[in-house]
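Input: a single structure, listed below in structure tokens.
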Amino acid sequence: MSEVLCFDVYGSTHNQHSIVDEIAAVTGLPTDLAADLSRLWVDHQIGYSMEVSLMGAYEDWRQLTVRSLRYALEYYGVDPTEEIVETLLAAYEHLEPYEDLSHFGRLQEAGHDLYVLSDGTPEMLRTLAGNTGFDAYVDGIASVDDAGVYKPHPDAYRTIEAHVDRPLEECTMVATHTFDVAGASAAGMETVLVNRFDVPPTRLGHEPGLVVDSYAELADELS
């Protein structure tokens, strides 16, 4: 396993659905509908990212986050006013980590270099990492902005090469989304699937090199 570990952020290290209470408070929706809105928001972020990649019409992650949020709000009958959108974007900068960040410290102590490799813009990723203390555990941040295309396109993964003195094949992608792991594998990376939701394996033929159910288990395996 490579010593360069590249972590997906949204939906992998950080929980995009940790702001359901804020969604409920600002929209007036009951919590169960706010949770549904959150899922629709995330589904459309990912869907839009793949659509613009296929169309060759790249927009950065903040733009797609706003577009998908406005869609989700309207779907649930909420007027997407500037105040509501800005309030929820601010909450999005404070997404909760799924696990205690000390597990990443154990990986650092074991000699691994830790990088973010994410669809987010550099500014969004730096802000989230700083707000949650994740910045203390990463050696650098790579954004697909540099490639102008989203995962799982191979060029999205190659952005890490500008940050590390290694070829892509000597870097390991660590993610929860099976499409991310499949894309990284197809691009030539080693891969780890953090399968905290116990999802079935991908049917695309790209099996992860390692499957764990948490970052705690990953630290156990690689420390």
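The values are calculated or read from the model by the stated rules, or taken from the named source; none is laboratory data. Keep in mind the model is a prediction, meaning the values are calculated, not measured. These area figures cover heavy atoms from the full protein model, side chains too; ligands, DNA and RNA do not enter into them. Shrake-Rupley method; radii C 1.70, N 1.55, O 1.52, S 1.80 Å.
Some observations on this one:
- Choice from E59, E170, E82 with maximal GNM fluctuation in the chain (Cα, 10 Å cutoff): E82
- Only protein atoms count toward the accessible area here, which uses a 1.4 Å probe; on the stretch 123-223, the carbon and sulfur part of that area reaches 45 percent.
- The residues of the chain expose on average 44 square angstrom of accessible surface per residue, using a 1.4 Å probe on protein heavy atoms.
- For the stretch 1-121, the spherically averaged projection of the C-alpha convex hull amounts to 8.7 nm².
- Highest GNM mean-square fluctuation among L40, L204, L29, for the chain modelled with Cα contacts below 10 Å: L204.
- Oblate is the label for the stretch 126-217. Its Cα gyration tensor axes, ordered a ≥ b ≥ c, give a/c of at least 1.5 and b/c at or above a/b.
- Mean-position separation - Cα centroids, the stretch 41-74 and the stretch 142-159, in angstrom: 16 Å
- Near N15, the amide H atoms lying under 5 Å from its own belong to E96, Y98; only residues 5 or more places off or on other chains count, and H is placed 1.01 Å from N.
- DSSP bridge orientation in the chain - percent antiparallel, rounded to nearest 5: 10 percent
- Restricting the calculation to alpha carbons of the chain gives Rg and Dmax of 17.1, 50 angstrom.
- Gyration tensor (alpha-carbon) shape descriptor, the stretch 77-124, a/c threshold 1.5: prolate
- The H on the amide N of V4, modeled in the peptide plane, is under 5 Å from the matching H of D113, T172, each at least 5 residues off or on a different chain.
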